[in-house]
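Please read the structure below before turning to the comments.
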Amino acid sequence: AGLTGLNAVRELRKRTPNARVKVLEARSEVGGRIRAKTMRTAEGNALLDTGSYFISPYANELIDLANEIGLTMYTQSNCGTRTLNIRGYRRTKRQAGLLSIPHSFDDVLSSPAIRSLATQNVHNYLANQHTSRAETDTANRLLQILYDSPDVSVSILHLMLASGSENGTMADMLSRYGHGQSLLMQGGLHRLTRLGAYFTLYYIL
């Protein structure tokens, strides 16, 4: 019962008020990858996010949910513009196909190479494509943020579908999830799951 599940329940109840919906949760609290823990701060004890806390500016449903509940979001501080100039030379390497070109979810699903992509992990795909060090580093950083998994454990298809879901590239996704363009929830993202659960239970009851 993370944000996706809680929001799905609320939408179902809105569209079909008489529907009976059962919410399953394996832990003692809702939230999925969004977690919080009470910690001691200079202002006293506070509940702080210990799991996911970045919101993509393209996550329209999530933003709508936060606005509906009445929570405030703000844009994170920009982490700077990356610039590289070594003695005036520029070295180019082959780009990693759909990962380095803005694309849609449908572009990935309709790709003639989809069967081949489904059998490759991220590590093997990037090695076979002879991609640049920058692209490889971007892919690995994105894997850490989205899946918390190494490149040998994730299908390249998953990474392409993830960036395609926001019509962007790997670099776009990285910027939107913690590297300059993401949104943060005032008071912590855990507030959204807890209030979302409260309103979900309200609708169910």
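Coordinate-derived values only; no laboratory data. Every value quoted in this text rests on a predicted model; they were computed, and no experiment measured them. We place every Cβ from the backbone using ideal geometry, glycine too, and count neighbours over all the protein chains shown.
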Exercise. Which residues' amide hydrogens lie under 5 Å from the amide hydrogen of M73, considering only partners 5 or more residues apart or on another chain, with H built in the peptide plane?
Worked result: Q186
Exercise. Picking from N167, N128, N67, which is most flexible by a Gaussian network model of the chain using Cα springs under 10 Å?
Worked result: N128
Problem set entry | Tilt relative to the chain, helix 133-146 - C-alpha long axis, 0 to 90 degrees, to 10 | 10
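If we count other beta carbons within 10 Å of each Cβ, what is the order of R10, R35, R27, fewest first?
Listing R10, R35, R27 from fewest to most nearby Cβ atoms yields R27, R35, R10.
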Problem set entry | Normalised contact order of the chain, rounded percent, pairs of Cα under 8 Å and 6 or more residues apart | 34
Problem set entry | Cα gyration tensor category, rounded, prolate or oblate, for the range 15-83 with a/c compared to 1.5 | oblate
For this session: Going by C-beta contacts inside 10 Å, put V23, V108, V122 in order with the fewest on the left.
Result: V23, V108, V122
Exercise. Ordered by residue, what ³J(HN,Hα) values in Hz, to whole numbers, does the range 54-60 give under the Karplus form 6.51 cos²θ - 1.76 cosθ + 1.60, where θ = phi - 60° and Gly and Pro are x?
Worked result: 8, 10, 6, x, 9, 7, 4
For this session: Starting from the amide H of N121, placed 1.01 Å from N in the peptide plane, find each other amide H under 5 Å away whose residue is 5 or more places distant or on another chain.
Result: I156
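As a footprinting exposure proxy, order K22, K37 by other Cβ within 10 Å, with the fewest listed first.
Values: K22 6, K37 11.
Least crowded to most crowded, the residues run K22, K37.
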Problem set entry | Residue-wise HN-Hα coupling along the range 28-39, computed from phi with Karplus coefficients 6.51, -1.76, 1.60 (Hz; x: Gly, Pro) | 7, 8, 7, x, x, 7, 8, 9, 9, 9, 6, 10
For this session: Under a 10 Å cutoff between Cα atoms, tell me which one of L47, L24, L157 has the largest fluctuation in the Gaussian network model of the chain.
Result: L24
For this session: Hey, can you grab everything whose amide H is under 5 Å from the amide H of A36? Only 5+ residues off in sequence or another chain; H modelled, so Pro and N-termini drop out.
Result: T50
